[in-house]
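Some notes on the structure that comes next.
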Amino acid sequence: MMNPRLACIKCKMEYPMDRIRYRCDCGALLELRRDLDGVSPGALVEKWERRWKAKRGVDASGVWRYRELVLELPEDQIVTKEEGNTRLYPGGKAAKFAGIENFLLKHEGENPTGSFKDRGMTCGISAAKMLGARSVACASTGNTSASMAAYAATAGMDSLIFIPEGKIAYGKLAQALAYGGRTLQIDGNFDTAMELVQQICDRLDIYLLNSINPFRIEGQKAICFEILQQLEWKIPDWFVIPGGNLGNNSALSKALMELHQIGVISKIPRIAVIQAEGANPLYRLWTEGGRFKAMENPDTIATAIKIGNPVSWEKSMRGIKWSKGVVEQVSEQEIMDAKAVVDAAGIGAEPASCCSVAGAKKLVAKGVISKDDFVVGILTGSILKDPDAVIGYHTGKLPGIKSNFANAPLKIKADVESVRKILSLRDAKPHPEKGVRIL
Ligand code: F0G
C-alpha cells in the first residue's frame, strides 16, 4: 500500500524517491504519488486523533502527525520544531468586514519562524537529510529563506539564500542573517533569483528547497489536515488563500484530493486563490485564458508575493479547477485596509496574508461567496515580519495608499494635563470601576 514515488504531473513518468530530482525529463514538475486504494479512512483518522494528544516530539508536530500522507521516515531522520499546531480564530471584525458570518482565520504566522513555510520546510529538510545533502539553497521573498535557515541550523546543514536586493521585509532578512544563512542579495527580482538558484543547485550539488521541491509541498498539505481536524472533519464551503509562487494552494488541493480519494471527506470545498493586482500572472491566465505568460515587472506592497513567474502554476491550476474554485485579484488599497482590520481584530498578519480577507470580501461583493457560506481564510505570515508596512500605514506614509483605518501615535508632553487633554478630545469620562474608556 502507499508506495510513494515521484511522478510527473504531465507525462506521468515515475521516478524513485531516494534520488535527487526536481523535474521530469519532459521538463514538467514532479509530485509525490501514492497508492491510496484500500487505505481505511477510519483507521487513518483514528491514528491522527490519537497523535493529537502527544505532548512532545514527532507526533506533536502538526506536520508529522499526518505522516502517512506527508512522508514516512525513521524518527531519527526527522528534523522538526513541532511546527504547525496553529490557531483557527473566529474572524471577529475581519469577518464583519468581509461580510461573512462564519469566517475563520487559520493563522500560519504562528509557526516557529513566523510563516506557513515551516510546514513544508520540516519535510524538505528531512528529505535533504534522507538524501544525504550537506547544503541547501533557496530563492526567496523572505519567508522561505527565514524558515530554511532555521531548519538548516537545526539539522547542522549549510544554507545558501538568494534574495532580491532591497525588496524583502526587514523581519525576514533579519531572521535569515540571525539563523546563519549565507545570504546573497542579487540585483534582480525574485524571478531572477529563482532561475539562478536552479542553475546553482544543478551545478554545485546543493539541495534545492524552493516549493519546486515535491517534499516541500507534501509538508504544506498539513495545513489542510490540521484545519479539518480542528473542525472535527466538518468541511468548509471555501478556502481562501493568497497566491505567489503558487506552492501553498497546490498543496491545499493535493491534500483535499487525497482525502477525497481515500474517503475521509466526501464534499469538496472550493479554493479561492487571491493575487495582488501588481503581481497577478495566475489571475490573468484565469480570466484571459490561452497560454501561461510570466509577468515582467511584478510589483506590490505585499512583497512576499511579488512574483511574476510562479513555478507551480500548473499544479495550482489543476487544483483550482478540480475544486471548482476561482482566482481573484486585490488592489494595494484593499490589501492594506484588510490588513488594518485583521490587525485591529487582535489577530494581525503581514500584508500578503491579508489578501485572504481582502479577496473574501471582494468575492462576497461579487456574489461568488455567499454570506452564509462557511469560509476558512489562511493567514500565511506573522504581523512582525513587516513592521515597515504597519508603521507606514498608520502614519500615513505609504505612497498611493489611503490610511483609512489609521491609528497613529500622538506626541505629547510628559504631564498629566496633556494626557487629560488628549483623552477629553475623545469625550472620556472616568467610570467608577473600569476607569477611563479612551476610545
Ligand atoms: N504569504 C506569504 C507570507 C508568503 O511568504 C508567500 C510566499 C505566500 C503567501 C505565497 O505562497 O508562494 O506558495 O503561493 N513566499 C515565498 C517566499 C515565495 O520566498 O517566502 P505561495
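Let me make sure I get this right: for segment 38-193, a, b and c are the square roots of the gyration tensor eigenvalues over alpha carbons, sorted descending. Under 1.5 in a/c it's rounded, otherwise prolate if a/b > b/c, else oblate. Which is it? Oblate, since a/c reaches 1.5 and b/c is not below a/b.
If you take the Cα centroid of segment 99-115 and the Cα centroid of segment 270-310, the two points sit 22 Å apart.
Using a 10 angstrom cutoff on alpha carbons, build the Gaussian network for the chain and name the most mobile of Ala345, Ala304, Ala176. Its mean-square fluctuation being the largest, the pick is Ala345. Annotation: lysines with alpha-carbon distance below 16 angstrom to Lys293 (same-chain offsets under eight excluded): Lys306, Lys315.
Between Val416, Ile305, Cys123, the Cα set farthest toward the positive side of the dipole of the chain (charges on each charged residue's Cβ, about the Cα centre) is that of Val416. Only DSSP H runs of four or more residues enter the estimate; each adds -39500 (n - 2.57), and after division by the residues of the chain the mean residue ellipticity at 222 nm equals -11000 deg cm²/dmol. Solvent-accessible area of segment 74-121 (1.4 angstrom probe, protein heavy atoms only): carbon and sulfur portion equals 48 percent.
In this Cβ point-charge picture (+1 for Lys and Arg, -1 for Asp and Glu), segment 135-292 has a dipole of about 280 debye about its Cα centre. Normalising the Debye intensity of segment 237-280 to I(0), with uniform scatterers on Cα atoms only, and taking log10 at q = 0.18, 0.22, 0.27 Å⁻¹ returns -0.55, -0.74, -0.95. Note that segment 184-194 has calculated 3J(HN,Hα) couplings of 10, 8, 9, 8, x, 8, 4, 5, 5, 4, 5 Hz, one per residue in order, obtained from phi through the Karplus relation 6.51 cos²θ - 1.76 cosθ + 1.60 (θ = phi - 60°); glycine and proline are x.
Taking the Cα centre of segment 274-363 as reference, the dipole from Cβ charges on Lys and Arg (+1) and Asp and Glu (-1) amounts to some 520 debye. Looking at segment 221-310, the chymotrypsin sites (Phe, Trp or Tyr not before Pro) that sit in a DSSP loop and have at most 15 other Cβ atoms within 10 Å of their own Cβ are Trp233, Phe292. Rounded to the nearest 20 debye, the dipole size of the chain about its Cα centre is 700 debye, using +1 on the Cβ of Lys and Arg and -1 on the Cβ of Asp and Glu. Taking all Cα-Cα distances within segment 353-430, those exceeding 15 Å account for 73%. Close amide H partners of Ile265, meaning residues 5 or more places away or on another chain with modelled amide H under 5 Å apart, are His260. Decide, for the chain, between rounded, prolate and oblate: order the square roots of the alpha carbon gyration tensor eigenvalues as a ≥ b ≥ c, take rounded if a/c falls under 1.5, and otherwise choose prolate if a/b is larger than b/c, else oblate. Here the chain falls in the prolate category.
Of interest is the spacing of the C-alpha centroids, which for segment 151-169 and segment 53-84 amounts to 23 Å.
Each residue of segment 309-321 is assigned a 3J(HN,Hα), and the resulting list reads 10, x, 5, 9, 4, 6, 4, 5, 4, 4, x, 5, 5 Hz, derived from the Karplus form 6.51 cos²θ - 1.76 cosθ + 1.60 (θ = phi - 60°), x at Gly and Pro. The C-alpha atoms of segment 135-288 occupy a region whose extents along the principal axes are 46, 40, 30 Å, arranged from largest to smallest.
Averaging Cα coordinates gives a centre for segment 318-357 and one for segment 1-28; these two points are 33 Å apart. Among Thr141, Val364, Leu379, whose Cα lies farthest out toward the positive end of the dipole of the chain, if unit charges sit on the beta carbon of Lys, Arg (+1) and Asp, Glu (-1)? Highest projection toward the positive end goes to Val364.
Amide H neighbours of Asn102 under 5 Å, at least 5 residues apart or on other chains, H built in the peptide plane: list them. Amide H neighbours of Asn102: Val375.
Of all segments of the chain bounded by GluC sites (Glu not before Pro) found in a DSSP loop with no more than 12 other C-beta atoms within 10 Å, the longest spans 297-432.
For Ile369, the residues whose amide H sits under 5 Å from its own are Val364, ignoring neighbours fewer than 5 places away on the same chain, with H placed 1.01 Å from N. In sequence order, segment 46-52 has phi-based couplings of 4, 4, 5, 5, 4, 5, 3 Hz under the Karplus curve 6.51 cos²θ - 1.76 cosθ + 1.60, θ = phi - 60°, and Gly or Pro positions carry x. Calculation over all alpha carbon pairs of segment 284-439 in 10 angstrom steps from 0 returns a P(r) of 9, 28, 29, 19, 7, 6, 1 percent. Rolling a 1.4 angstrom probe over the protein heavy atoms with all chains in place gives the chain an accessible area of 44 Å² per residue. Partners of Lys385 within straight-line reach, counting aspartates and glutamates whose Cα lies under 16 Å from its Cα and excluding those fewer than 8 residues away in the same chain: Glu108, Glu110, Asp118, Asp343, Glu350. For segment 222-277, trypsin sites (Lys or Arg not before Pro) are listed when DSSP marks them as loop and at most 15 other Cβ atoms sit within 10 Å of their Cβ; the list is Lys234, Lys267. Quick check: from the Cα gyration tensor, does segment 241-343 come out rounded (a/c under 1.5), prolate or oblate? Since a/c reaches 1.5 but b/c is at least a/b, the shape of segment 241-343 is classed as oblate.
The values are calculated or read from the model by the stated rules, or taken from the named source; none is laboratory data. Worth saying up front: this structure is predicted, and the values here are computed from it rather than measured. For neighbour counting, all protein chains shown are included, and Cβ atoms are generated from backbone atoms with ideal geometry for every residue, glycine included. Surface accessibility is based on the protein's heavy atoms, side chains included, excluding ligands, DNA and RNA. Shrake-Rupley method; radii C 1.70, N 1.55, O 1.52, S 1.80 Å.
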